[in-house]
Amino acid sequence: MQLYVNIDHVATLRNARGEGYPDPIQAARVCEEAGAHGIVFHLRGDRRHIQDPDVFRLKDVVTGVLDFEMAATDEMIRICREVDPHLVTFVPENRQELTTEGGLDMTRLEIIYSEKVLPAFEGTRTQVSLFLDPEPTHIDIAARLGVPVIELHTGRYANARGEARNVELQRLTEAAIQAHQLGITVNAGHGLNLQNLPEFLETVPHLNDISIGHALISDALFQGLSSTVKTYLNCMDDHTHQGESGPSTA
Ligand code: PXP
């Protein structure tokens with residue numbers, strides 16, 4: 001099973017100050033050096049985190065799988081074809097949402113995917129993946145469309161507690177089995193973290209890759225904060241002005 005790291009929120013932090021750092025491309029490099037098998041980014045219509053130049057820099061730097069997450073708009077399809085990533089994951093996008101809120105409603109979207117979206121990637125090296133809730137109808141439609149990959153939306157599992165969590169695990173398990181039997185590669189992601197990942201991985205079969213962003217980038221902050229404070233203190237020790245000191249506080 002493979003880990004794909006979503007680096008969107010490195011860009012969120014960068015954009016908060018409008019400086020060039022932290023650089024999501026540097027983050028992608030670090031993730032790959034640490035063993036991540038793929039890098040995911042979501043270029044949103046409103047460009048709230050990843051921006052167009054990031055996409056082309058990521059294409060140059062990423063050596064593993066590059067997964068371009070996007071809404072199926074004409075603009076995004078044009079950019080994605082230019083970038084030619086290994087994987088494109090289609091997600092629903094809503095301007096007001098804080099993050100992707102659910103899977104694609106394939107009962108409504110089947111025709112547009114069969115007539116417009118999938119033909120746009122025929123003959124390219126880009127594999128198409130659909131982000132789906134663990135619903136049998138959506139998975140059947142993906143199979144009918146000949147889609148090679150789906151990503152199961154784990155957000156409801158991640159947020160559920162008690163019995164509801166077991167229900168979500170069961171739905172994800174059945175969805176993974178269904179997709180696997182239909183010859184579809186099964187990925188999963190959204191809301192996964194070190195607390196909910198173990199049970200998910202131990203229960204759900206046939207998983208190919210797991211996509212994690214927000215929790216992993218957040219954990220990285222605290223796993224690195226202590227040593228970074230020490231680095232700054234060492235810098236201050238090493239570079240304190242050697243001349244006259246200010247008023248004594250003793
Ligand atoms: N997979 C998809 C399709 C997503 O939209 C997202 C969020 O961008 C993720 C995975 C990662 O979710 P999280 O940031 O909660 O780990």
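For this structure, a couple of remarks:
- Cα→Cβ-extended label distance, 7 Å offset, between Ser226 and His239, nm: 2.5
- GluC sites (Glu not before Pro) lying in DSSP loop within the stretch 1-81, provided at most 16 other Cβ fall within 10 Å: Glu19
- Length-normalised contact order for the chain - Cα pairs under 8 Å, 6+ apart - percent: 16
- Derived scalar couplings between HN and Hα for the stretch 222-227 equal 6, 5, x, 5, 4, 5 Hz in order, rounded to whole Hz, by the Karplus curve 6.51 cos²θ - 1.76 cosθ + 1.60 (θ = phi - 60°), x for Gly and Pro.
- Computing FRET efficiency as 1/(1 + (r/R0)^6) for Gln51 and Ala160, where r is the C-beta to C-beta distance and R0 is 25 Å, gives about 0.15.
- Inter-label distance, Glu115 to Thr63: 4.5 nm, where each label sits 7 Å from its Cα along the C-beta direction.
- Net charge dipole, the stretch 1-145: roughly 280 debye, given to the nearest 20, about the Cα centre with Cβ charges of +1 for Lys and Arg and -1 for Asp and Glu.
- HN-Hα J in Hz across the stretch 78-90 - Karplus 6.51, -1.76, 1.60, θ = phi - 60°, x for Gly and Pro: 5, 5, 5, 5, 5, 6, 6, x, 5, 9, 10, 10, 8
- Heavy-atom accessible surface of Ser218, to the nearest 10 Å², is about 50 Å², with a 1.4 Å probe and all protein chains retained.
- The GNM of the chain, with springs linking C-alpha atoms under 10 angstrom apart, assigns the highest mean-square fluctuation among Ala160, Ala179, Ala188 to Ala160.
- Nearest-20 debye value, the chain charge dipole, Cβ charges on Lys, Arg, Asp, Glu: 120
- Range in the chain, longest, excluding exposed trypsin sites (Lys or Arg not before Pro) [loop by DSSP; at most 11 other beta-carbon atoms within 10 Å]: 1-94
- Couplings 3J(HN,Hα) for the stretch 123-130, derived from phi with the Karplus relation 6.51 cos²θ - 1.76 cosθ + 1.60 (θ = phi - 60°), are x, 9, 8, 7, 7, 9, 10, 10 Hz, where x marks Gly and Pro.
- Rounded, prolate or oblate (a/c below 1.5 giving rounded, otherwise prolate when a/b exceeds b/c) for the stretch 126-175 by Cα gyration tensor: prolate
- Distance from the stretch 178-250 to the stretch 12-41 (C-alpha centre basis), Å: 12
- When the charge dipole of the chain is built from unit charges on Cβ atoms (+1 for Lys and Arg, -1 for Asp and Glu) and taken about the Cα centre, the candidate among Val30, Leu207, His42 whose Cα reaches farthest toward its positive end is His42.
- Summarising the label geometry, the points placed 7 Å from Cα in the beta-carbon direction at Glu101 and Arg144 lie 2.6 nm from one another.
- Selection from Ala160, Gly20, Asn187, by position along the positive dipole direction of the chain (Cβ): Gly20
- About its Cα centre, the stretch 89-238 has a charge dipole of approximately 100 debye under the convention of +1 per Lys or Arg Cβ and -1 per Asp or Glu Cβ, with nothing else charged.
- Residues whose placed amide H lies under 5 Å from that of Asn6, excluding near-sequence neighbours: Val40, Ile212, Gly213
The values are calculated or read from the model by the stated rules, or taken from the named source; none is laboratory data. What you see is a predicted model, and the numbers here were worked out from it, not measured in a lab. Neighbour counts are summed over all protein chains in view; Cβ atoms, including those assigned to glycine, are modelled from backbone coordinates with ideal geometry. Remember, those area values only see protein heavy atoms, side chains included, never the ligands or the DNA or RNA. Shrake-Rupley method; radii C 1.70, N 1.55, O 1.52, S 1.80 Å.
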